[in-house]
C-alpha cells in the first residue's frame, strides 16, 4: 500500500509549500463537519491540520489524528 492509499477511506486535501519548515499539510474533515472548509486562517478552520516535513510524516500524523475523530 502506498502512502496516500492509507488515506483512501478518509476525506482529505493535500497541500505543499516548499518554503515552510513542515512543507506537507494534510487536512482532514473535523469532528461534526461534513466537508473540508479549507480555511487558510488556521485558528478559524474546522479542518484537522496534519503537518509533516515529509509526505510520509504528514500521513502518519493524519492517521494518528483520525483515531481521535
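The values are calculated or read from the model by the stated rules, or taken from the named source; none is laboratory data. Treat the numbers as computed from the prediction; the structure is a model and nothing was measured. Quick reminder, even Gly has a Cβ in these numbers, built from the backbone with ideal geometry, and neighbours come from all protein chains shown.
Residues to consider are 28, 55; find the one that is surrounded by 13 or more Cβ atoms within 10 Å (Cβ to Cβ) and touching a helix residue (DSSP H, G or I) at 6+ places or on another chain (Cβ under 7 Å). Spell out the reasoning first.
Details: 55 fails: touching a helix residue (DSSP H, G or I) at 6+ places or on another chain (Cβ under 7 Å).
Among 28, 55, only 28 is surrounded by 13 or more Cβ atoms within 10 Å (Cβ to Cβ) and touching a helix residue (DSSP H, G or I) at 6+ places or on another chain (Cβ under 7 Å).
Looking only at residues in the stretch 42-52 that are surrounded by 15 or more Cβ atoms within 10 Å (Cβ to Cβ) and in a loop (DSSP other than H, G, I, E, B), which one is nearest to the chain's Cα centre (by Cα)? Walk me through it before giving the result.
Filtering the stretch 42-52 for residues surrounded by 15 or more Cβ atoms within 10 Å (Cβ to Cβ) gives 45, 47-52.
Then drop every residue that is not in a loop (DSSP other than H, G, I, E, B), which leaves 45, 47.
Numbers: 45: 12, 47: 8 Å.
Among residues in the stretch 42-52 that are surrounded by 15 or more Cβ atoms within 10 Å (Cβ to Cβ) and in a loop (DSSP other than H, G, I, E, B), the one nearest to the chain's Cα centre (by Cα) is 47.
For the subset of the stretch 21-32 comprising residues that are in a loop (DSSP other than H, G, I, E, B) and either under 8 Å from residue 47 (Cβ atoms) or at pLDDT 95 or above (or both), which member is nearest to the chain's Cα centre (by Cα)?
First, pick out the residues of the stretch 21-32 that are in a loop (DSSP other than H, G, I, E, B): 21-23, 29-32.
Of the ones still in play, those that are also either under 8 Å from residue 47 (Cβ atoms) or at pLDDT 95 or above (or both) are 21-23, 29-30.
Details: 21: 16, 22: 12, 23: 12, 29: 9, 30: 10 Å.
Going through the qualifying residues, I end up with 29.
Tell me which of these residue 38 doesn't satisfy, since it passes every other one: (1) assigned to a loop (DSSP other than H, G, I, E, B); (2) exposed (fewer than 14 other Cβ atoms within 10 Å of the Cβ); (3) at pLDDT below 95.
So the condition that residue 38 fails would be (3).
For the stretch 53-69: of the residues being assigned to a loop (DSSP other than H, G, I, E, B) and modelled with pLDDT of 95 or more, which is nearest to residue 6 (Cα to Cα)?
Out of the qualifying residues, it is 54.
Which one of the conditions (1) over 11 Å from the mean Cα position of the chain (by Cα); (2) touching a residue at least 12 places away in the same chain (Cβ under 8 Å); (3) loosely packed, with under 15 Cβ neighbours inside 10 Å; (4) not in a loop (DSSP other than H, G, I, E, B) does residue 13 fail to meet, given that it meets all the rest?
Exception for residue 13: condition (1).
Mind checking which residues of the stretch 1-10 are farther than 11 Å from residue 66 by Cα, assigned to a loop (DSSP other than H, G, I, E, B) and touching a helix residue (DSSP H, G or I) at 6+ places or on another chain (Cβ under 7 Å)?
3 - this is the single residue of the stretch 1-10 that is farther than 11 Å from residue 66 by Cα, assigned to a loop (DSSP other than H, G, I, E, B) and touching a helix residue (DSSP H, G or I) at 6+ places or on another chain (Cβ under 7 Å).
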